[in-house]
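> Dropping the structure in here first, questions after.
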Amino acid sequence: MDFDYSPRQQELMRRVSDFMDEHIFPAVPIYEQQSDEGERWKVIPILEELKAKAKKSGLWNMFMPPHSGVPHVDDSFQFEGIQLSNLEYAPICEMLGRVSFAPEVFNCSAPDTGNMEVLNRFATRAQKDRWLRPLMNGEIRSAFLMTEPAVASSDATNIETRIERDGDHYVINGRKWWSSGVGDPRCKVAIVMGQTNPDAAPHQRQSQVLVPMDAPGVKILRMLPVFGYDDAPHGHGEVLLENVRVPVEESLILGEGRGFEISQARLGPGRIHHCMRIIGATEVALEKMCKRLMSRKAFGKYVSEQSVWEQRVAEARTEIEMNRLLCLKAADMMDKAGNKVARLEISMIKVSAPNMACRIIDQAIQAHGGGGVTTDFGLAKLYASQRTLRLADGPDEVHNRTIARMEFAKYGDLHARIRAERDAERVPVGSR
């Protein structure tokens, strides 16, 4: 296995690192100040300045994968970013994870990335012109409305939102929540998943449609806090869709009943992107923990010299390295064999990375004493965001179920063989 980064990767990593050092890290206090001033749900000026610089530097839309050449889309015009493979993008995405707003600076933040990939792969030319072009230019933002408060959305066949045909229009009724991004005033469009045919087979009931956020009947009921943090100006909303009418031709993505197909194409890369950023965020937590331990004394010696902390730091470094390698393996398999074949690795890293982050950030909080649970060091907010990722894009339990079933499948129908052996043992001796 070759662990060396390609010359292209090394050059991009250098450019991104230099940009982070020169522009993004110095902008963190400015961003925090502007975020805290005035209205919560707003465009933050320093962020727009940084986006212009990143775009001018050619560090823009780096998440967009190489063109797939899917035959059912209009290939006469391709919307392309730098077009990195998942493996090429992995170390760059990790670097962006070190600062919460860095992905947006490079137009590489969720849910826009997933929505842009969906539009790039499955949208019509008219849909691309209307929505994908301004998204890739960073002129607007978007949302993805899938999860619902009234059902266990970890099983997406439970989704109840109705998308009913009425002539040339769809009429949409439902309630969504954890609709990330709807608080941003630049959020202009949402991809909504709901039932178009409730009588079809479970995985053919759902479709995905484009809904302008200013369409009549779209109501943001509230913005949901995460452990008390509102995540402004991005935020996560509860959205009511009440008799929302959208034109069928302009709105339907790919075709009726193909919502699950679209979701699988969308969520595979999205899960990997989350895990890449988690590695970067956890590196920040470990860095803060080490600096704190090496600067404070207790009981006559530096806290870093206490054996319990030596063990915790050593285990943290080991866990980060293990998760990075698993993340790279999953990315490499996705590139070489596709999302479906890489399903096991994707599920493993999706479970492992957020749990690792929560453990290490929790230890970093402990190392900071009372200061760790305040807003002073950013660790409490970092914990809140990483804890959320044990739920986002599929909870731990669903991914563990996938892992376990794939493991059991190695042994075939073992239950049947065991039953056959037991039945053979029960046959009376005289009848043999």
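> One residue is enough: does region 109-118 have a residue meeting the conditions among the charged types (D, E, K, R), under 18 Å from the mean Cα position of the chain (by Cα) and more than 30 Å from G255 (Cα to Cα)? Spell out how you get there, then give the answer.
First, pick out the residues of region 109-118 that are among the charged types (D, E, K, R): 112, 117.
In the following step, the residues that additionally are under 18 Å from the mean Cα position of the chain (by Cα) were identified as 112, 117.
Subsequent filtering for residues that are more than 30 Å from G255 (Cα to Cα) retains none.
No, every residue in region 109-118 fails to be among the charged types (D, E, K, R), under 18 Å from the mean Cα position of the chain (by Cα) and more than 30 Å from G255 (Cα to Cα).
> Search region 129-159 for residues being assigned to a loop (DSSP other than H, G, I, E, B), in contact (Cβ under 8 Å) with a residue 60 or more places away in the chain and small (G, A, S), and hand back the single one that is surrounded by the fewest Cβ atoms within 10 Å (Cβ to Cβ).
Only one residue tops the list, namely S154.
> Using the structure shown, decide if L241 is touching a Ser or Thr at 6+ places or on another chain (Cβ under 7 Å), closer than 23 Å to E88 by Cα, at pLDDT 95 or above and of a type in the set (A, V, I, L, M, F, W, C). Even if it seems obvious, please write down each step before you answer.
Working: touching a Ser or Thr at 6+ places or on another chain (Cβ under 7 Å): yes; closer than 23 Å to E88 by Cα: no; at pLDDT 95 or above: yes; of a type in the set (A, V, I, L, M, F, W, C): yes.
Spelling it out, it is not the case that L241 is touching a Ser or Thr at 6+ places or on another chain (Cβ under 7 Å), closer than 23 Å to E88 by Cα, at pLDDT 95 or above and of a type in the set (A, V, I, L, M, F, W, C).
> Still on this structure, please answer the following. Here is a list of conditions, (1) without any contact (Cβ under 8 Å) to a residue 12 or more places away in the chain; (2) farther than 24 Å from F122 by Cα, and G167 meets all of them except one; can you say which number that is?
(2)
> Any residue in region 216-228 that is in contact with a Lys or Arg (Cβ under 9 Å, 6 or more places away or on another chain) and crowded, with 19+ Cβ neighbours inside 10 Å? It would help to see each step written out before you state the result.
Pass one, region 216-228, residues in contact with a Lys or Arg (Cβ under 9 Å, 6 or more places away or on another chain): 216-217, 221, 223, 226-227.
Of the ones still in play, those that are also crowded, with 19+ Cβ neighbours inside 10 Å are none.
Taking every residue of region 216-228 in turn, none turns out to be in contact with a Lys or Arg (Cβ under 9 Å, 6 or more places away or on another chain) and crowded, with 19+ Cβ neighbours inside 10 Å.
> Anything in region 274-305 that is assigned to a loop (DSSP other than H, G, I, E, B) and either at pLDDT below 95 or exposed (fewer than 12 other Cβ atoms within 10 Å of the Cβ) (or both)? List them, or say none. Before the answer, list the steps.
We begin by selecting, within region 274-305, every residue assigned to a loop (DSSP other than H, G, I, E, B); these are 294-296, 299-300.
Matches in region 274-305: S295, F299, G300.
> Ok, one more. In region 98-133, what residues are in contact with a Leu (Cβ under 9 Å, 6 or more places away or on another chain), more than 25 Å from L379 (Cβ to Cβ), among the small types (G, A, S) and modelled with pLDDT of 95 or more?
A123 - this is the single residue of region 98-133 that is in contact with a Leu (Cβ under 9 Å, 6 or more places away or on another chain), more than 25 Å from L379 (Cβ to Cβ), among the small types (G, A, S) and modelled with pLDDT of 95 or more.
> Hey, does region 407-429 have a residue that's closer than 23 Å to E319 by Cβ and in contact with a Leu (Cβ under 8 Å, 6 or more places away or on another chain)? Write out each step before concluding.
As a first pass, look at region 407-429 and keep what is closer than 23 Å to E319 by Cβ: 407.
Subset that is in contact with a Leu (Cβ under 8 Å, 6 or more places away or on another chain): none.
No, that holds for no residue.
> Can you pull out every residue in region 160-183 that is assigned to a loop (DSSP other than H, G, I, E, B) and either modelled with pLDDT under 95 or crowded, with 22+ Cβ neighbours inside 10 Å (or both)? Give the derivation first.
Filtering region 160-183 down to residues assigned to a loop (DSSP other than H, G, I, E, B) leaves 160-161, 167-168, 181-183.
Hits for region 160-183 are G181, V182, G183.
> If the requirement is being assigned to a helix (DSSP H, G or I) and either buried (at least 19 other Cβ atoms within 10 Å of the Cβ) or among the aromatic types (F, W, Y) (or both), which of these qualifies: N120, N107?
Numbers: N107 fails: assigned to a helix (DSSP H, G or I).
Of the residues listed, the single one that is assigned to a helix (DSSP H, G or I) and either buried (at least 19 other Cβ atoms within 10 Å of the Cβ) or among the aromatic types (F, W, Y) (or both) is N120.
> In a helix (DSSP H, G or I), touching a residue at least 12 places away in the same chain (Cβ under 8 Å) and closer than 15 Å to A90 by Cα: does that describe A330? Step through it out loud before you land on a result.
Numbers: in a helix (DSSP H, G or I): yes; touching a residue at least 12 places away in the same chain (Cβ under 8 Å): yes; closer than 15 Å to A90 by Cα: yes.
Yes.
> A further question follows. Give E345, E310, E321 a once-over and let me know the one that is part of a helix (DSSP H, G or I), more than 26 Å from Y89 (Cα to Cα), of a type in the set (D, E, K, R) and not assigned by TED's automatic domain parsing to the domain that holds T147. Spell out the reasoning first.
Details: E345 fails: more than 26 Å from Y89 (Cα to Cα); E321 fails: more than 26 Å from Y89 (Cα to Cα).
After ruling out the rest, the residue left standing is E310.
> Hey, among the residues in region 212-235 that are within 21 Å of the chain's Cα centre (by Cα) and assigned to a strand (DSSP E or B), which one's farthest from A380 (Cα to Cα)?
M223
The values are calculated or read from the model by the stated rules, or taken from the named source; none is laboratory data. None of these values were measured; they are calculated from a predicted model. With ideal geometry, Cβ positions are generated from the backbone for all residues, glycine too; neighbour counts draw on all protein chains shown.
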